[in-house]
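Visitor: Got a structure for you, written out below as structure tokens; questions coming shortly.
Nothing in this text is a laboratory measurement; each read-out follows from the coordinates by a stated rule. These numbers were taken from a predicted model, which means no experiment stands behind them. Neighbour counts run over all protein chains shown; Cβ positions are idealised from the backbone, glycine included.
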Amino acid sequence: MAQGHLVAVLTGMGLVLTWTSCAAPMVVRPAIDQGHKVDQVILDGFKRGLSTREEAVDRLGQPSSITTNAEDGTTTLAWHYVHADAKGSSAVITILKFSADDKLLFKVVSRNNQTY
């Protein structure tokens with residue numbers, strides 16, 4: 001009988017431990033925002049062949065990176081943005097490439113989302 005009582009007590013303790021671990025509060029990480037989030041409405045306003053590099057910097061702010069191609073004089077501006085919270089993360093890179101005379105050649109937005 002004592003052995004049966006011991007099994008019952010251990011089983012009860014296991015249930016209590018399982019229940020309390022399920023009821024333990026989750027650690028909530030604060031949201032992280034890094035970089036420069038580009039407003040899609042502003043980006044949509046830039047027109048190929050018309051918008052200038054100066055206009056892009058004035059309206060979007062200083063880019064995360066600037067690369068100039070020495071061969072053809074084109075310049076690529078990139079704005080990087082990362083958001084992460086308890087539900088997942090997303091990364092957005094906005095790229096605008098300008099001709100040697102600083103007119104917009106093209107714009108690209110790359111998004112990467114991951115849900116936890």
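Visitor: For the stretch 99-116, what are the residues that are part of a strand (DSSP E or B), touching a Gly at 6+ places or on another chain (Cβ under 8 Å) and exposed (fewer than 12 other Cβ atoms within 10 Å of the Cβ)?
Guide: Within the stretch 99-116, 113, 114, 115 qualify.
Visitor: May I ask you to list the residues in the stretch 57-76 that are farther than 16 Å from residue 35 by Cβ and not basic (Lys, Arg)?
Guide: Within the stretch 57-76, 58, 67, 68, 69, 70, 71, 72, 73, 74, 75, 76 meet the criteria.
Visitor: Another question, if that's okay. Return the residue satisfying two criteria in turn: it lies in the stretch 51-98 and is out of contact with any strand residue (DSSP E or B) (no Cβ under 7 Å at 6 or more places or on another chain) and either charged (D, E, K, R) or part of a strand (DSSP E or B) (or both), and of such residues it is surrounded by the fewest Cβ atoms within 10 Å (Cβ to Cβ).
Guide: Among those residues, the one meeting the criterion is 71.
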